[in-house]
Amino acid sequence: MSEHEHEEHQINRRGLLRWIINVVVGGIGAVLAVIVGGAVGSPSFRKERSRWLPAGRILGLQPEQPQPVTLRVVRKEGYYEAVDHEVVFLIRGAGDKVTAMSSVCTHLGCHVSWDPQGRVFRCPCHGGVYDITGKVIAGPPPRPLATYSTRIDPDNHEVFVEL
Amino acid sequence: MASRGNGVLDWLDSRTGYRNGLKHLLDEPLPSGTGWWFTLGSVLVGLLSIQFLTGAVLMMYYVPTPAYAWDSVHYIMTGLAFGHVLRDLHFFGASFIVIAAGLHMLRVIFFGSYKKPREVTWLSGVFLLLLILAFALTGYLLPWDQRAYWATVVTTNIAKTAPVLGPYVSRLMKGGPDVGALTLSRWYAMHVILLPAGLVTFIVLHLYLMRRHGISGPVKARPGKPHPFYPDHVVKDTLLVALVFAGLLSFAVLGHAPLAAKANPADASYVPRPEWYFLSLFQLLHYFKGGLEPVATIGIPTLLVLVLLALPWLDRKHDRDPRKRPAVIGITVLILAGVALLTTIGLKESPPEPDPTIWSPAAVAGLSIAQSAACTTCHAPGGAAAVLGTERIQHDDSWIEGHMSDPQMIAPGLRPRPADALNVLQTRAVVAYVDKLRLDLTPPQLSDEQRAAEVTIGTRCMGCHEIQGEGTSSNGAPDLTHIGAKRDAAWLDKWITDPGSVDENATMPSFGGILTADQIKAVADYLATLK
């Protein structure tokens, strides 16, 4: 082997060694990235499960009279459970159908209350007014009040609201 | 590699001079014959980097407080994608590091690499080993399970045996008279800030000194040109690191880092044991009792560390050949054999770890109480309290016991008082059940007879007997874990109904009038299966 050939051989060998190092280190890095990525990212992109919360008996509701009930909502935050109290209006309609309406004004998030004289929901902050179906009839709110699914337990007439 | 590059890198190099720095780091000439034995340091750097990375992610979820530490670790294991692999990498990584550090040190001892002029490199290495052991010790407490809690009680009691300063050191370690919230947070601060800072400092020092004196190389200089560190030696480092990483990953994926029941300072029935690498020291305590105890707890470990620190000055001859250093090699081998022997005995004598996922009779009994009116009057859908199993149990075991045994505590004037408070055995059974709830375990499918037997055993027999590590064993009643190997169902039935008819000196009360014949038969049949 001439001096030149020897040098070329050395350069090829070095190139191969560098390639091996890069591939192996890259492989270890990729495995760790998947594990770390999964552990860091999974709670950020988890879908929150909805829950059916008991909200009292249908028999206690006057027809067409929105009744505010406070629901205890337990939100799982990893190892911690945050407890929120959310107020929803239950409205018993025709055929014992029950509507659950959010009490949060769609304008800036104040809590609306039911005005039994005017038969409307009024927001105390900026004068938003909604009718009994949640439709905006005056003021700045951009959307109607949100509603939640409900179901009624046929055995004990308990109303459940999905939050 | 300096010749290639684009405009941005050229600019960066002109401002930082990084290419020269990199070249200086990578072009270190290594003596001819520097082989695989000299890759252990890189393995340690690799393993420690993995600990840093996994540790940082664990810190995103872990909270160092008795109320949540256990729950946060449980969440890491069950609630995160790859969470169990993440924790296992960190857990088994610690063992891998202790082994790699031990092998690295043995390599240095056998190759005589600590000799002049590398004495300070050796000293920094000994400090690194001590730091690694301190990491292991502080990390052990953090999951806040029974294992962690009781092992730390032992550790801090060992510190107490040191002469003169012992009691003060022990209090300083605990942050008070007992292992508790303050212990957890100060060990956490050590584990995640102070020890890493110390570790990085000493690694930098260690590597700087290694470069300053060059690698010691083979015991006898070999002919041949020195070869550059990169890529010739780095490829060996990389391949060994990859092999070790594959091993660690297998442990992490297939193994299970233990998480015992949540720490309960009131339940001293847990037999603590240290991690395997401290087992030999722990085992020494069996042979030094009473006044001699400090010999094992403080004397021998201190002596070992002092001898390690002084090694370059105890063995000052120039020759590095292990065959010409019989004293150093002989003593090293003797110490290794001693550690191996003590560890083996320690492993053999360790009581079996109770499996927290097995539904014991007490837990089954607790479940049946939890489903009875005693609990479901309030813990019901739409009831005064949440349905058991749907929400995290915030309270610790002693609160739960109080909650059930003292009606005033259950209902301070707000809720209807229950007709009967539960007795001690029933409350303990519910606590055993709550421990299963915390682990999200589903109740086992049991036949009616089996359930009746386990409920009776959990609420009656375990007042005096111990089964599978649960119950009481202090009053002379035998442990029933393997009773089926000694007695058959018929004998047990007769004995439980009326012990006096079998042995007139029997001290166990007769249960013939307390339990129904069906209950006794179910219990006897069940016990007969415990072989």
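The values are calculated or read from the model by the stated rules, or taken from the named source; none is laboratory data. What you see is a predicted model; the values in this text were computed from it and never measured. Every residue, glycine as well, gets a Cβ built from its backbone with ideal geometry; the counts of neighbours run over all protein chains shown. Quick note on the areas: whole protein, heavy atoms, side chains included, nothing else; ligands and nucleic acids left out. Shrake-Rupley method; radii C 1.70, N 1.55, O 1.52, S 1.80 Å.
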Taking the range A:120-150 and keeping only residues that are closer than 19 Å to A:THR70 by Cβ and part of a strand (DSSP E or B), one is left with A:PHE121, A:THR147, A:TYR148, A:THR150
Considering the range B:273-324, residues that are over 24 Å from B:LEU123 (Cβ atoms) and β-branched (Val, Ile, Thr), and then whichever is most open to solvent (accessible area, probe 1.4 Å), we arrive at B:VAL295
Within the range B:71-86, the count of residues that are part of a helix (DSSP H, G or I) and facing chain A (nearest Cβ under 9 Å) comes to 10
If we ask which residues in the range B:87-107 are at the interface with chain A (Cβ under 10 Å from one of its Cβ atoms) and within 30 Å of B:GLU119 (Cβ to Cβ), their number turns out to be 0
Log entry, pairs with first residue in the range B:363-386 being free of Cβ contacts under 8 Å to residues at least 12 places away in the same chain and in a loop (DSSP other than H, G, I, E, B), second being open to solvent by 30 Å² or more (accessible area, probe 1.4 Å) and of a type outside the set (A, V, I, L, M, F, W, C), beta carbons closer than 7 Å, six or more apart or on different chains, reads B:PRO381/A:PRO54; B:GLY382/A:PRO54; B:ALA386/B:HIS379
Scanning the range B:389-407 for residues that are hydrophobic (A, V, I, L, M, F, W, C) and open to solvent by less than 60 Å² (accessible area, probe 1.4 Å), the one nearest to the other protein chains (Cβ to nearest Cβ) turns out to be B:ILE393
If we ask which residues in the range B:49-70 are farther than 12 Å from B:TYR188 by Cα and facing another protein chain (nearest Cβ under 8 Å), their number turns out to be 7
Per the filter on the range A:100-119, residues buried (at least 19 other Cβ atoms within 10 Å of the Cβ) and either within 21 Å of the chain's Cα centre (by Cα) or in a strand (DSSP E or B) (or both) are A:ALA100, A:MET101, A:SER102, A:SER103, A:CYS105, A:THR106, A:TRP114
Selection over the range A:33-63 where residues are more than 8 Å from chain B (Cβ to nearest Cβ), of a type outside the set (Gly, Ala, Ser) and assigned to a helix (DSSP H, G or I) yields a count of 2
